[in-house]
Amino acid sequence: MKQSVKLVAGNWKMNGLGASLGEVERLKAELAGQAATCRVALCPPATLVARMAQLCDGGPIEVGGQDCRAEASGAYTGDIAAAMLKDAGAGLVILGHSERRQGYGETSALVLAKAEAALAAGLSPIVCVGETLEEREAGRAVEVVRGQVIQSLPLALAGHAFAVAYEPVWAIGTGLTPTLEQIEEVHRAVRAAMIERLGLGAADQPILYGGSVKPDNARDILAVAEVGGALVGGASLKAADFLEIIRAA
Ligand code: PEP
């Protein structure tokens, strides 16, 4: 596979107030003084998307949402449409995070519909997949992840920029990570499923690893074959930690 530029994306989840933008200012200042070695993105809560996008206007930090509704507009109290994220300055959106698949019962069919909506609004989706601990212990990790990839990626993604994030559910926020061999095995399976679903054009789209990526394990994980970047939760909240991960890419 052609080695593309890696993408290191931070998922702030439900963390961050206006004052947290100071961390983004620090990150921006540090990145301004060095040549870009990878793409960098931050996905703050919806309340901060517009302010962060304004702050990051002109680069190099891209801004994304954490979810969107599949419908374009309507009576969906509390939800956010892809076009609203785009209008606020986002260029990306995380979809199908395990905290939504598990906490809100989101199916791969719904994730696919959301990815179609994101695409229609001009957003580049980061589609998350990953097995539970039970599924891994039953020897079903590859089978489960493969199924999620095939069922979550709309055919309309062919020819567009997007990413898949492999995030083992049991590794998110736990400090646990798979072995490098396990990461490689699943990433190779994700790549094969992406190509099976969307054709050879999908060979260049990045597959991010996510789940307890920290400054001290980032370099090893990012060097694994088929790891095209990282989706980082907790360690993206502090500029200093996130910067170390970016520098490892
Ligand atoms: C995530 O929520 O996408 C994630 C990877 O979290 P953490 O890095 O905190 O495990």
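Filtering the stretch 223-230 for residues that are on the phi > 0 side of the Ramachandran plot and not β-branched (Val, Ile, Thr) leaves a non-empty set. Scanning the stretch 125-144 for residues that are among the hydrophobic types (A, V, I, L, M, F, W, C) and within 15 Å of the chain's Cα centre (by Cα), we see that the one that is nearest to the ligand (Cβ to nearest atom) is 128. Taking each residue of the stretch 211-222 that is free of Cβ contacts under 8 Å to residues at least 12 places away in the same chain and looking for partners that are away from the ligand (no atom under 11 Å from the Cβ) with beta-carbon atoms closer than 9 Å, six or more apart or interchain, yields 216/244.
Does any residue of the stretch 50-73 turn out to be of a type in the set (Val, Ile, Thr), in contact with a Gly (Cβ under 7 Å, 6 or more places away or on another chain) and over 23 Å from residue 145 (Cα atoms)? Yes: the stretch 50-73 contains one or more residues that are of a type in the set (Val, Ile, Thr), in contact with a Gly (Cβ under 7 Å, 6 or more places away or on another chain) and over 23 Å from residue 145 (Cα atoms).
Name the residue that is surrounded by the fewest Cβ atoms within 10 Å (Cβ to Cβ), counting only residues in the stretch 92-128 that are of a type in the set (S, T, N, Q) and part of a helix (DSSP H, G or I). Checking each candidate, the answer is 102.
Out of all the residues in the stretch 138-149, is one or more in contact with a Phe, Trp or Tyr (Cβ under 6 Å, 6 or more places away or on another chain) and either part of a strand (DSSP E or B) or buried (at least 22 other Cβ atoms within 10 Å of the Cβ) (or both)? No: the stretch 138-149 contains no residue that is in contact with a Phe, Trp or Tyr (Cβ under 6 Å, 6 or more places away or on another chain) and either part of a strand (DSSP E or B) or buried (at least 22 other Cβ atoms within 10 Å of the Cβ) (or both). Against the conditions (1) away from the ligand (no atom under 15 Å from the Cβ); (2) assigned to a helix (DSSP H, G or I); (3) not acidic (Asp, Glu), residue 246 satisfies every one except (1). Taking the stretch 31-55, which residues are in a loop (DSSP other than H, G, I, E, B) and surrounded by fewer than 22 Cβ atoms within 10 Å (Cβ to Cβ)? 33, 34, 35, 36, 37, 38, 45 - these are the residues of the stretch 31-55 that are in a loop (DSSP other than H, G, I, E, B) and surrounded by fewer than 22 Cβ atoms within 10 Å (Cβ to Cβ). Can you say whether residue 131 is surrounded by fewer than 19 Cβ atoms within 10 Å (Cβ to Cβ) and not aliphatic (A, V, I, L, M), as far as the supplied structure shows? No, not satisfied.
Let's see how each residue does on (1) more than 17 Å from the chain's Cα centre (by Cα); (2) closer than 23 Å to residue 173 by Cβ; (3) within 16 Å of the ligand (Cβ to nearest atom):
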position	(1), (2), (3)
66	no, yes, yes
70	yes, no, no
79	yes, no, no
83	yes, no, no
91	no, no, no
96	no, yes, yes
106	no, yes, yes
109	yes, no, no
114	no, yes, no
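Just so you know, in the stretch 225-237 the residues that are part of a loop (DSSP other than H, G, I, E, B) and surrounded by 15 or more Cβ atoms within 10 Å (Cβ to Cβ) include one that is nearest to the ligand (Cβ to nearest atom), and it is 233. Scan the stretch 150-172 for residues that are within 12 Å of the ligand (Cβ to nearest atom) and in a helix (DSSP H, G or I) and the total you get is 3.
If the condition is being part of a loop (DSSP other than H, G, I, E, B) and either away from the ligand (no atom under 16 Å from the Cβ) or more than 13 Å from the chain's Cα centre (by Cα) (or both), then the stretch 193-224 contributes 199, 205, 212, 214, 215, 216, 217, 223, 224.
Read the figures in this text as sums done on the coordinates, not as results from a lab. Since the structure is predicted, the reported quantities are computational estimates derived from the model, not experimental observations. Backbone-built Cβ (ideal geometry, glycine too); neighbour counts: all protein chains shown.
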